[in-house]
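Structure first, then comments.
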Amino acid sequence: MNLHLQSSDFELFGLPERFAQDGAAIDARWKELQRQAHPDRFAAEGAAAQRVAMQWSVRINEAYKRLKDPLQRAAYLCELRGAPINAQDNTAMPSKFLIEQMEWREALEEAQDEEALERLEVQLRQSRQEVLRDIEQLLDRDNAAAAAAGQVRALMFIERFGQDVQDRFEQLGR
C-alpha cells in the first residue's frame, strides 16, 4: 500500500472529502482494502509483516466505521476542517432546535401509549433527515464547518433521544 496509517479516511478509501457518500462504494472499497491487508496474505513474509498487516486491518476498520455512519462522518469532516465538535465542552445548537428539544422531552414524559411514542418517533426521523440535509449543505456546498458542527451536535442529541424513545417503548412492553 502506498498510503500511510496517518492518511485521512477519505484518502485511505479513495473517496472525495465530502459528506455525501455512496454507501455501496464505501462497502466495496472496505472489502477490497481488507482483502489487500489481510494478515494471512503476509504469512510467508514473517511475523513483522503480519503485524503491519494487522495494523492496517484495524486502521481500515476504524475508517470504515467512521465513513459508514453519517454522524461520525460529519463529525470527522468538521474536525478535518478545523471545527471539532467538542460535544462535552460545547453544547451550542440552533435556538429553534433547543425549543424543539424541550417539546420532544415534554412529549416523551406525557406519552402514555405506543401511538404517542410512534408520533414522536416520526418527528425524530423527519428532524434527523432535515439535519442531515443541513449538514450536507453546510459541509459540501457552503464550506461552513463551524456551522455544520452545531448541526452535528443537534444530530447527536437526536440519536441519543431516539434511544430514550426506544427505552420508553420497552417500558411499555413493545
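No value in this document is a laboratory result; all are computed from the given coordinates. A quick note: this is a predicted structure, and the numbers were derived from the prediction, not measured. Glycine gets a Cβ as well: all are built from the backbone with ideal geometry, and neighbour counts include every protein chain shown.
Listed from fewest to most Cβ neighbours within 10 Å, the set 102, 93 follows the order 102, 93.
With both labels modelled 7 Å from their Cα along Cα-to-Cβ, the residue 109 to residue 160 distance reads 1.7 nm. The separation of the range 115-174 from the range 55-70, counted between C-alpha centres, amounts to 23 Å.
The range 135-174 has equivalent-ellipsoid semi-axes of 32, 8, 4 Å, by the square roots of 5 times the alpha carbon gyration tensor eigenvalues, sorted largest first.
Taking only DSSP H segments of four or more residues, each worth -39500 (n - 2.57), what value at 222 nm results for the chain once the sum is divided by all its residues, to the nearest 500 deg cm²/dmol? Please list the in-between numbers first.
Values: 7 runs with 119 residues, N = 174.
Calculated at 222 nm, the ellipticity per residue is -23000 deg cm²/dmol.
Report note on the peptides 11-18, 152-159, 132-139, 106-113: ranked by the mean count of other C-beta atoms within 10 Å, highest first, their order is 152-159, 132-139, 11-18, 106-113. Charges were assigned to the Cβ only: +1 to each Lys and Arg, -1 to each Asp and Glu. The resulting dipole of the chain about its Cα centre is roughly 860 debye.
Name the shape class, rounded, prolate or oblate, that the alpha-carbon gyration tensor gives for the range 9-68, where a ≥ b ≥ c are the square roots of its eigenvalues, rounded holds for a/c under 1.5, and otherwise prolate holds if a/b is larger than b/c and oblate otherwise.
Taking the square roots of the gyration eigenvalues as a ≥ b ≥ c, the range 9-68 is prolate.
Could you give the size of the charge dipole of the range 95-171 about its Cα centre, using +1 on the Cβ of each K and R and -1 on the Cβ of each D and E, expressed in debye and rounded to the nearest 20?
Dipole about the Cα centre, nearest 20: 480 debye.
Build a GNM of the chain with springs between Cα atoms under 10 Å apart, and of 95, 127, 57 the one that fluctuates most is 95. Can you list the aspartates and glutamates whose alpha carbon sits under 13 Å from that of residue 68, skipping same-chain ones fewer than 8 residues off? Reachable aspartates and glutamates: 9, 22, 27. The angle between the Cα long axis of helix 114-136 and the longest principal axis of the Cα atoms of the chain comes to about 50 degrees, rounded to the nearest 10. If each Cα of the chain is one equal point scatterer, what is log10 of I(q)/I(0) from the Debye formula at q = 0.09 Å⁻¹? Log10 of I(q)/I(0), two decimals: -0.43. Relative contact order, whole percent, for the range 1-156 stands at 26, derived from Cα pairs under 8 Å and 6 or more residues apart. Compared with the direct C-alpha span, the chain from residue 102 to residue 80 gains 4.8 nm at full extension, assuming 0.36 nm per residue.
Near residue 8, no amide H atom lies under 5 Å from its own; only residues 5 or more places off or on other chains count, and H is placed 1.01 Å from N.
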